[in-house]
Each structure stands twice: as C-alpha cells, then as structure tokens.
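Chemist: Sending over a structure as structure tokens; questions will come in a sec.
The values are calculated or read from the model by the stated rules, or taken from the named source; none is laboratory data. Predicted model, so just to flag it, every value in this text is computed and none were measured. Cβ atoms come from the backbone with ideal geometry, glycine included; neighbour counts cover every protein chain shown. With ligands, DNA and RNA removed, areas are computed over all heavy atoms of the protein, side chains included. Shrake-Rupley method; radii C 1.70, N 1.55, O 1.52, S 1.80 Å.
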Amino acid sequence: MRIKKIRFLLLPLIFLIAVPNVYCEDSTKTEETKSTEIPQWALYMRRTEIVTFGSLPFTTLGVTLGFGAYKYFSGATSSFPNPFDKSSSGYTGDDMWVILGISVSISAAIGIADLIVSIVRHNNEAKRLERLDTASVITIVPATEDEINSFRKSQNSSPEEENSDQTEE
C-alpha cells in the first residue's frame, strides 16, 4: 500500500520535471522582442495581473489582522486570534471565505487602480510627445555679411560715444 502511494505521488512529479525539458527550445538562442511586437493592451493586462496577484498576500494578511481585531474588539473572541498559528481554531471556514473574498476584492481594486494610473500616465506622455512634435521648429539661418557688419558697427559704437558726438555739435 505504501509503495502505491509513493508511486502515485512520484509519477506526476517526474512528468512535471521531465516532460517540459524534453519539449522546450534550446536556451542558447536569444531573440529580443521589440516593443512594437507586443500590443499595448497586452502590456497593460500583464502589469495589472502582476500587481493584482502580487498584492494578494499583503492584502490577505492585512484583512486577516483587521478581521481578527474586529472579532476581538466586538467581543466575539476573548483573545486576539493569531493568523500564523495553524493549531488554533480562531477562524471558522466561513470566516476564511470572507477573508479571502475581501482580500481578492481589495487586490483587484489595487490592480484596477494601477491600470488606470498606467493608462493616464501613458496618454499624458503621448500628448506631451505630440505637442513636442507639433511645436514650432527652430531653424538656424546663417547671417549674411551685411548683417554681420552692421552688428559689428553697432557693437563698436557705444552709447557714450554717441552722447559725446551729440554734445560736441
């Protein structure tokens, strides 16, 4: 009986490890993906997914502690339930489902808020770049010889010389 259990657990483990390695591509080939190959909506969804699932452990811990504090201060329990103690029966099955539901909801809200911020930031950057592209372009035109000479004459004659010329007359 014990051998069947070991075989039952070992066989899926072998398939999980061995089969993907047989069918995977050679890892020595590296292909760089261009940013134009992946659509922007896919990048938004990937970021939203990462933020949503990445925040789930932290929101679950926060909700668990908040739920325990609520139960303690409302008088439902005589002591503050320890969320890390597996042997304690501080939370019932229904309590765990409520904690999980609230945690998933808060994590989804965090992911959606990050999605909105990312879209607004991307649109603002696109508008800024568009304004820079449509702004008047400064063109440098070289000065002619006449303009250079008239500029030099105006620099050589200072206002004091002009005033002394006027007082002598």
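Chemist: Working only within the range 91-128, note down all residues that are assigned to a helix (DSSP H, G or I) and among the aromatic types (Phe, Trp, Tyr).
Modeler: Trp97
A quick yes/no check of all residues on (1) modelled with pLDDT of 85 or more; (2) in contact with a strand residue (DSSP E or B) (Cβ under 6 Å, 6 or more places away or on another chain); (3) among the aliphatic types (A, V, I, L, M):
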residue: Trp41; (1), (2), (3): yes, no, no
residue: Arg46; (1), (2), (3): yes, no, no
residue: Ile50; (1), (2), (3): yes, no, yes
residue: Ser55; (1), (2), (3): yes, no, no
residue: Phe58; (1), (2), (3): yes, no, no
residue: Gly62; (1), (2), (3): yes, no, no
residue: Leu65; (1), (2), (3): yes, no, yes
residue: Tyr70; (1), (2), (3): yes, no, no
residue: Pro83; (1), (2), (3): no, no, no
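Chemist: Take the range 94-120 and flag every residue that is under 17 Å from Gly66 (Cα atoms) and open to solvent by 40 Å² or more (accessible area, probe 1.4 Å).
Modeler: Residues satisfying the conditions are Asp94, Met96, Trp97, Val98, Leu100, Ile102, Val104, Ser105, Ile106.
Chemist: Here's another thing I want to ask about it. Can you pull out the residues in the range 35-51 that are of a type outside the set (Gly, Ala, Ser), free of Cβ contacts under 8 Å to residues at least 60 places away in the same chain, open to solvent by less than 80 Å² (accessible area, probe 1.4 Å) and outside any loop (DSSP other than H, G, I, E, B)?
Modeler: Of everything in the range 35-51, just one residue is of a type outside the set (Gly, Ala, Ser), free of Cβ contacts under 8 Å to residues at least 60 places away in the same chain, open to solvent by less than 80 Å² (accessible area, probe 1.4 Å) and outside any loop (DSSP other than H, G, I, E, B), namely Leu43.
Chemist: Quick test of your reading of the structure: Phe73 fulfils all but one of (1) of a type in the set (Phe, Trp, Tyr); (2) closer than 18 Å to Pro57 by Cβ; (3) part of a helix (DSSP H, G or I). Name the failing condition by number.
Modeler: Single failed check for Phe73: (2).
Chemist: Can you tell me which residue in the range 130-169 is nearest to the chain's Cα centre (by Cα), limited to those that are of a type outside the set (D, E, K, R), surrounded by 10 or more Cβ atoms within 10 Å (Cβ to Cβ) and modelled with pLDDT of 85 or more?
Modeler: If we take residues in the range 130-169 being of a type outside the set (D, E, K, R), surrounded by 10 or more Cβ atoms within 10 Å (Cβ to Cβ) and modelled with pLDDT of 85 or more, then Ala143 is nearest to the chain's Cα centre (by Cα).
Chemist: Here is a further query. Is it the case that the range 53-67 has a residue that's part of a helix (DSSP H, G or I), touching a Leu at 6+ places or on another chain (Cβ under 6 Å) and either of a type in the set (S, T, N, Q) or under 30 Å from His122 (Cα atoms) (or both)?
Modeler: No, that holds for no residue.
Chemist: Select from the range 70-93 the residues that are under 30 Å from Thr48 (Cα atoms) and either more than 35 Å from the chain's Cα centre (by Cα) or open to solvent by less than 70 Å² (accessible area, probe 1.4 Å) (or both) and list them in ascending order.
Modeler: Listed by number, the residues that qualify are Pro83, Gly93.
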